[in-house]
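Here's the structure, in structure tokens; my notes come after.
The values are calculated or read from the model by the stated rules, or taken from the named source; none is laboratory data. For clarity, every value in this text was computed on a predicted model and none was experimentally measured. Here the Cβ positions follow ideal geometry from the backbone for every residue, glycine too, while neighbour counts run over all protein chains shown. Protein only, heavy atoms only, side chains kept; ligands, DNA and RNA dropped before computing areas. Shrake-Rupley method; radii C 1.70, N 1.55, O 1.52, S 1.80 Å.
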Amino acid sequence: MQEIYGVIGDPISHSMSPDMHNDAFAHQELEAHYNAFHVHTEHLEDAVKGMKAIGVKGFNITVPHKTAIIPLLDRIDPLASAIGAVNTVKYENGQYVGYNTDGLGFVSGVKEQLNGLLKDQRTLVIGAGGAARGIYFSLVKEGVCQIDIANRTISRAQQIIDDNPYEAASEALSIQEAEGQLEAYDLIINTTSIGMSPQVNEVPLSLNHLRKDAFVCDIIYNPLETKFLSEAKQKGASVQNGLPMFIHQGALAFHIWTGIWPDTERMKAIVLRKLGG
Ligand code: ATR
């Protein structure tokens with residue numbers, strides 16, 4: 001019998017996950033199908049119960065349900081629990097278990113580019129929302145030597161550092177402080193939505209003091225090159241957009257569900273085709 005997977009969110013029609021996962025299921029010759037389900041907040045509990053009742057084997061969770069879903073699941077993986085957000089659920093022995101592959105997806109994408117040098121990167125995370133939490137905890141778990149967090153509201157950055165379940169050298173900074181000491185960082189990551197379509201002319205922080213040999217990442221993939229990344233490129237830095245993170249969070253979820261690593265190059269081609277219209 002065909003297994004059912006999916007993604008729940010509100011809105012959901014823009015999601016590229018169904019194309020990406022359905023191609024991966026077909027390519028692996030698995031009898032499975034992945035659907036997008038539009039679920040309003042007031043129906044979230046019923047939706048989770050319903051999916052369990054009809055035997056949905058796994059699903060992704062996107063905005064705005066990543067935190068609200070936690071009390072509705074049977075078990076939460078420790079990393080997802082520390083992050084406080086779940087983006088992947090798997091049916092395991094009658095239970096729905098919650099995982100978070102967003103931060104690890106980011107780390108996998110960066111590692112592809114840095115060839116094993118991630119640990120030595122003096123890192124600045126910009127932003128202190130849900131995405132920043134996932135990335136920060138995943139980088140810390142990876143053993144990265146220094147990870148500072150800059151945010152408009154410093155207390156939110158400090159909260160992430162205080163909640164960190166692992167050992168790390170970290171400082172919470174204002175945006176201005178981070179701008180002033182930017183040459184101290186090898187890896188700079190924008191996790192805020194600043195620069196996302198339609199606010200394409202904004203940047204999260206000034207790159208005046210950026211080093212030429214720095215590596216600058218943005219988790220935004222629409223547009224594929226934010227103003228922040230194009231400014232970094234002009235200063236000679238290497239850059240990465242949000243596409244590798246999106247692909248790898250999907251690949252990690254696929255692996256959690258099936259035990260198989262999908263072909264990430266195929267996934268990337270499908271998402272690029274979809275983004276291109
Ligand atoms: P997500 O879960 O997607 O990370 P979020 O929790 O809303 O989203 O967090 C958004 C982050 O972007 C926050 O760090 C936010 O700063 P505050 O903590 O001060 O709110 C930051 N952010 C969003 N819009 C911003 C803006 N116009 N200027 C500065 N920071 C902004």
Next item on the list: Out of the residues in region 144-158 that are near the ligand (Cβ under 10 Å from one of its atoms) and not small (Gly, Ala, Ser), state the one that is nearest to Tyr185 (Cα to Cα).
Entry: Ile149
Next item on the list: Need at least 2 residues that are among the basic types (Lys, Arg) and more than 20 Å from Ile247 (Cα to Cα) per element, so show me which helices (runs of 4 or more DSSP H) inside region 129-235 make the cut, counting only ones lying wholly within it.
Entry: 227-234
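Going by the conditions given, is Asp186 within 15 Å of the ligand (Cβ to nearest atom) and open to solvent by less than 60 Å² (accessible area, probe 1.4 Å)?
no
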Next item on the list: Only one of these is more than 22 Å from Asn87 (Cα to Cα) and at pLDDT 95 or above: Gln181, Gln159. Name it.
Entry: Gln181
Check: So which residues in region 48-63 are open to solvent by 70 Å² or more (accessible area, probe 1.4 Å) and within 16 Å of the ligand (Cβ to nearest atom), if there are any at all?
Finding: Val63
Check: Hey, among the residues in region 209-235 that are among the polar types (S, T, N, Q) and touching a residue at least 24 places away in the same chain (Cβ under 8 Å), which one's most open to solvent (accessible area, probe 1.4 Å)?
Finding: Asn222
Notebook entry, point to check: If only one of Ser238, Ser206 is at pLDDT 95 or above, open to solvent by 60 Å² or more (accessible area, probe 1.4 Å) and small (Gly, Ala, Ser), which one is it?
Noted result: Ser238
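Looking only at region 1-47, which residues are in a loop (DSSP other than H, G, I, E, B) and either farther than 21 Å from Trp261 by Cβ or open to solvent by less than 50 Å² (accessible area, probe 1.4 Å) (or both)? Outline the logic, then answer.
Within region 1-47, the first condition is being in a loop (DSSP other than H, G, I, E, B), and the residues that meet it are 1-2, 10-16, 28-31, 39-40.
Within region 1-47, Met1, Gln2, Asp10, Pro11, Ile12, Ser13, His14, Ser15, Met16, Val39, His40 meet the criteria.
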Next item on the list: Quick one: which residue in Ile154, Ile175, Ile219 is aliphatic (A, V, I, L, M) and closer than 30 Å to Arg273 by Cα?
Entry: Ile219
Next item on the list: Under 9 Å between Cβ atoms, at least 6 apart or on separate chains: pull out the pairs that start in region 260-277 with a residue that is more than 14 Å from Gly250 (Cα to Cα) and end on any residue that is of a type outside the set (Ser, Thr, Tyr) and part of a helix (DSSP H, G or I).
Entry: Leu272/Leu243; Arg273/Asp19; Lys274/Asp19; Lys274/Met20; Leu275/Leu243
